[in-house]
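Single-structure report; data block below.
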Amino acid sequence: MTDSPQNTPSSTSNDVACATGRFFGWRFIDLVQPPWRLSTWWPSDTSAAFHESLARLLAVAHRERLSLAPLVKNFADEHRGIRKSRLQRLAKQLESGIPLVDGLEQVPGLLPAGDVLALRFATQTGTLLMAYGFLTRTPSAQELAVTASLRRSIEHAIAMIVAFLAIAVYMCVSSLPKFQMMANDFGFELPVAIEVQIYLFSQMVGAGFLWLCVGAGLAGLVLVAPLRRFVRRVFGSLANSIGIASRSAEILRLVSFTSETGRPIASALSSLARFHYEKGMRRKLLYVRNEIEQGSDVWDCLVREKIINRPEADAIRNAPSSPVQAWTLRQLADAKDFRVSGRLQQIAAIVPILIVLFGAAFVLWISLGIIHFMLRLI
């Protein structure tokens, strides 16, 4: 015969607290033990790390033939903010039967446009394993160094702009009015440098509405996703035209997937022409597709559209087999990416020097005005 459990004071107080919580519509245990997550309140991982994690999740689900919707839903529980809401939207679309690539296109921002294009192309051509292998690759040391250098350059530029604005406000509010009063009291004209500083700084401080518009525009770039995507597309086209991004490398790498499996190159370019995210490249690929349908050589068409050059076309054309041709395409794509990384490294090295020189010239300009003013006082 067992003794019946007795209510202790602690169990009674817990029961009362839980009952009170249920009365007000929440559970007391949720306040005592919040749900455990890997991520912190302020996400410390970069966008590239998030994209890589999601790509690895999709790759594992494809390889193991797992249901994607619960995996994406659980992955969303490990994040907060806009990333969580986007992942939840994707999970709902997957639960409703929408294909993965369509869901990624309807929820922009989860993966870069190039990665979504790779998945769309691989779905059309049956090369998903190779596409996932490329998306989940470990970035090279050069890519990581370029990204870190560009981030530091942007941070330095923002810090210098904030410092210059703070100096301008201080000079306009405190120092320059005193200099003007002293010049009036002693009866001499202000130096030209001081007069220019008074004019420029007063214009800067007085243009409050302009700065408000600039701040609103920057906030929109950070918070409004469609505006951010529009600026990214415009900048991507500009970067490709000036040689600091390579859409050609992306095209060659995707075509290598098709070449390795022995499928026709013309059908691969036709798929890219339909689904490429950049308008200029899509127009070029449509021209290439039309020329191929008229009987022109694939590689000559790509040369005419400046996607590849003549030596590259000859190297691809003279490959003895499909695996060798695929290897050649990958090597050419890696070479193009390497050249772009080199240019970005040069830009990242030059930008801090220009910022320092601009800051030194700014300080020298202010110092010369003050020294000239002190000399007139003497």
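Can you find even one residue in segment 104-115 that is in contact (Cβ under 8 Å) with a residue 12 or more places away in the chain, in a helix (DSSP H, G or I), of a type in the set (A, V, I, L, M) and farther than 20 Å from Ser248 by Cα? The answer is yes; a qualifying residue exists.
Per-residue answers, yes or no, for (1) open to solvent by 60 Å² or more (accessible area, probe 1.4 Å); (2) outside any helix (DSSP H, G or I); (3) farther than 30 Å from Glu189 by Cα; (4) among the small types (Gly, Ala, Ser):
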{"position": "Trp327", "(1), (2), (3), (4)": "yes, no, yes, no"}
{"position": "Asp334", "(1), (2), (3), (4)": "yes, no, yes, no"}
{"position": "Ala348", "(1), (2), (3), (4)": "no, no, yes, yes"}
{"position": "Pro352", "(1), (2), (3), (4)": "no, no, yes, no"}
{"position": "Val356", "(1), (2), (3), (4)": "yes, no, yes, no"}
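Scanning segment 54-75 for residues that are among the small types (Gly, Ala, Ser) and either modelled with pLDDT under 90 or in a loop (DSSP other than H, G, I, E, B) (or both) yields one hit, Ser67. Scanning segment 360-371 for residues that are surrounded by 15 or more Cβ atoms within 10 Å (Cβ to Cβ) and not aromatic (Phe, Trp, Tyr) returns Ile366, Gly369, Ile370.
Against the test of being touching a residue at least 24 places away in the same chain (Cβ under 8 Å), open to solvent by 50 Å² or more (accessible area, probe 1.4 Å) and farther than 20 Å from Phe134 by Cα, the options Arg63, Arg80, Arg56 yield a single qualifying residue, Arg80. When Leu150, Leu190 are screened for being over 23 Å from the mean Cα position of the chain (by Cα), at pLDDT 75 or above, open to solvent by less than 70 Å² (accessible area, probe 1.4 Å) and not hydroxyl-bearing (Ser, Thr, Tyr), only Leu190 passes.
The values are calculated or read from the model by the stated rules, or taken from the named source; none is laboratory data. Keep in mind it's a predicted model, so treat the numbers as computed, not measured. Cβ sites come from the backbone with ideal geometry, for glycine too, and all protein chains shown count toward neighbours. Surface areas here come from the heavy atoms of the whole protein model, side chains and all, with no ligands, DNA or RNA. Shrake-Rupley method; radii C 1.70, N 1.55, O 1.52, S 1.80 Å.
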